[in-house]
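A short write-up of the structure that comes next.
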Amino acid sequence: MARVIVDVMLKPEILDPQGQAIARALPRLGFEGVGAVRQGKRFEIELDGPADEAALADVRKMAETLLANTVIEDYAVHVEG
Amino acid sequence: MSGARVGVVTFPGTLDDQDAARAVRLAGAEPVPLWHADHDLKGVDAVFLPGGFSYGDYLRCGAISRFAPLMDELIPAARSGLPVLGTCNGFQILCEAHLLPGALTRNASLHYVCRDQGIRVVNNRTAWTRDFEQGQDIVLPVKHGEGRYVASDETLAELESTGRVVFRYLGGNPNGSLNDIAGITNETGTIVGLMPHPEHAVEELVGAPSTDGRAFFTSILKKLVNA
């Protein structure tokens with residue numbers, strides 16, 4: 001059993017109005033010193049078996065196929081623990 | 001002008017399929033209901049992907065619809081020349097299915113925008129726009145929260161240089177779309193996607209801002225009948 005994390009973020013050149021709205025809200029709440037915020041998605045994938053190379057290759061394929069739209073988003077895969 | 005059969009696809013969460021079917025019927029064609037879970041295009045001559053919130057917009061708008069059983073049939077058929085029109089969520093699905101380039105993202109304002117929108121027809125050579133004049137200004141309803149068209153610089157340059165931008169917003173861009181893009185087409189002009197709603201602008205009786213939407217349906221009907 002292993003848990004694999006896929007982080008999906010809008011590509012840097014794609015406008016992220018949600019992140020901008022959060023960045024504008026933080027000073028109003030008293031949080032200072034925040035230059036910018038980008039919002040993304042985190043997927044926690046529980047594998048039945050170990051997170052070996054074959055399983056990770058599968059997870060990357062999941063990310064390419066469904067979890068991320070690679071036209072506008074980048075993804076990163078890592079094993080938790 | 002009869003005998004043409006236009007499929008109207010219903011996914012779980014589709015909203016505009018009844019208006020779409022009605023618009024097809026008003027134009028003189030036969031609307032054919034297509035169900036997302038079927039592997040069957042029922043031999044239709046063209047397909048309309050209507051708007052709504054298919055699969056609740058889970059993950060990304062259109063991301064899950066793109067893998068519906070019906071899409072296994074529709075994607076290769078569209079690549080082989082079957083005319084397809086996608087409006088709003090239908091446009092999002094066409095982009096997620098890579099039948100059209102680019103993607104639709106959250107409106108720059110973060111507001112859901114619902115209003116009558118001025119639009120310029122900048123390509124009247126597609127299967128769905130030939131009954132418009134080139135450069136004609138029309139009014140259609142828009143209603144969406146994620147309609148900001150984005151694409152890579154290379155894709156955008158290619159769309160612009162090859163005349164594949166079909167519609168641009170006039171009198172204010174409702175969502176922050178790059179180059180005011182409201183709709184685009186594929187290389188052959190058979191697949192068109194746009195955020196505005198022609199199927200809501202076919203009858204004066206319901207208070208539509210115009211009947212400019214009719215020309216989409218008469219365009220495809222003429223193409224099918226003359227084919």
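The values are calculated or read from the model by the stated rules, or taken from the named source; none is laboratory data. Predicted model only: the values in this text are computed from it and were never measured. For neighbour counting, all protein chains shown are included, and Cβ atoms are generated from backbone atoms with ideal geometry for every residue, glycine included. Areas reflect the complete protein model, heavy atoms only, side chains present, ligands, DNA and RNA absent. Shrake-Rupley method; radii C 1.70, N 1.55, O 1.52, S 1.80 Å.
Neighbours of residue B:50, meaning other residues whose beta-carbon lies under 13 angstrom from its beta-carbon, give a summed charge of -2 when Lys and Arg score +1 and Asp and Glu score -1. Against chain A, whose longest principal axis comes from its Cα atoms, helix A:53-62 is set at around 50 degrees. If you take the accessible area of B alone plus A alone and subtract the pair, what total do you get in square angstrom, rounded to 100, with a 1.4 Å probe? Approximately 1300 Å² gets buried when B meets A. Which of the listed residues, A:35, A:5, A:50, is farthest toward the dipole's positive end in region A:2-79, when Lys, Arg count +1 and Asp, Glu count -1 at the beta-carbon? Comparing the listed Cα positions along the dipole, A:35 ranks first.
Seen against the Cα atoms of chain A and their longest principal axis, helix A:17-28 is set at about 50 degrees.
State to the nearest 20 debye the size of the charge dipole of region B:1-79 about its Cα centre, where the only charges are +1 on K and R beta carbons and -1 on D and E beta carbons.
140 debye
Distance distribution P(r), chain B, all Cα-Cα pairs, bin width 5 angstrom from 0: 1, 8, 16, 22, 22, 18, 10, 3, 0 percent. Each residue of region B:81-88 is assigned a 3J(HN,Hα), and the resulting list reads x, 4, x, 9, 10, x, 10, 6 Hz, derived from the Karplus form 6.51 cos²θ - 1.76 cosθ + 1.60 (θ = phi - 60°), x at Gly and Pro. Here region B:23-40 is scanned for amide nitrogen atoms under 16 Å from the site 7 Å beyond the Cα of residue B:80 along Cα-to-Cβ, giving B:39-40. For region A:2-79, the direction-averaged projected area of the alpha-carbon convex hull comes to 6.3 nm². With the charge dipole of region B:107-227 set up from +1 on Lys and Arg Cβ and -1 on Asp and Glu Cβ about the Cα centre, the Cα lying farthest toward the positive end among the listed residues B:161, B:150, B:132 is that of B:132.
Database remark: amide H of residue B:117 closer than 5 angstrom to the amide H of B:140, B:142 (H placed geometrically; neighbours at sequence offset of 5 or more, or on other chains; Pro and chain starts carry no H). Distant-in-sequence amide contacts of residue B:136, defined by a placed amide H-H separation under 5 Å and a gap of 5 or more residues or a different chain, comprise B:121. Once all protein chains are placed together, residue B:204 keeps about 140 Å² accessible to a 1.4 angstrom probe.
Suppose we keep just the DSSP beta bridges with both residues in the protein assembly as shown; what percent of those would be antiparallel, to 5? Mind showing how you got there, number by number?
Working: 37 of 53 bridges.
In the protein assembly as shown, approximately 70 percent of DSSP beta bridges are antiparallel ones.
Only the Cβ atoms of Lys and Arg (+1) and of Asp and Glu (-1) were treated as charged; on that basis the dipole of region B:5-226 about its Cα centre amounts to roughly 120 debye. For the protein assembly as shown, the dipole from Cβ point charges (+1 on Lys and Arg, -1 on Asp and Glu) about the Cα centre works out to 720 debye, to the nearest 20. Within 10 Å of the Cβ of each residue in A:11-21, the mean number of Cβ atoms contributed by other protein chains is 3.
For the peptides B:215-222, A:33-40, B:27-34, residues were scored by their other Cβ atoms within 10 Å and the scores averaged per peptide; the highest-first order is B:215-222, B:27-34, A:33-40.
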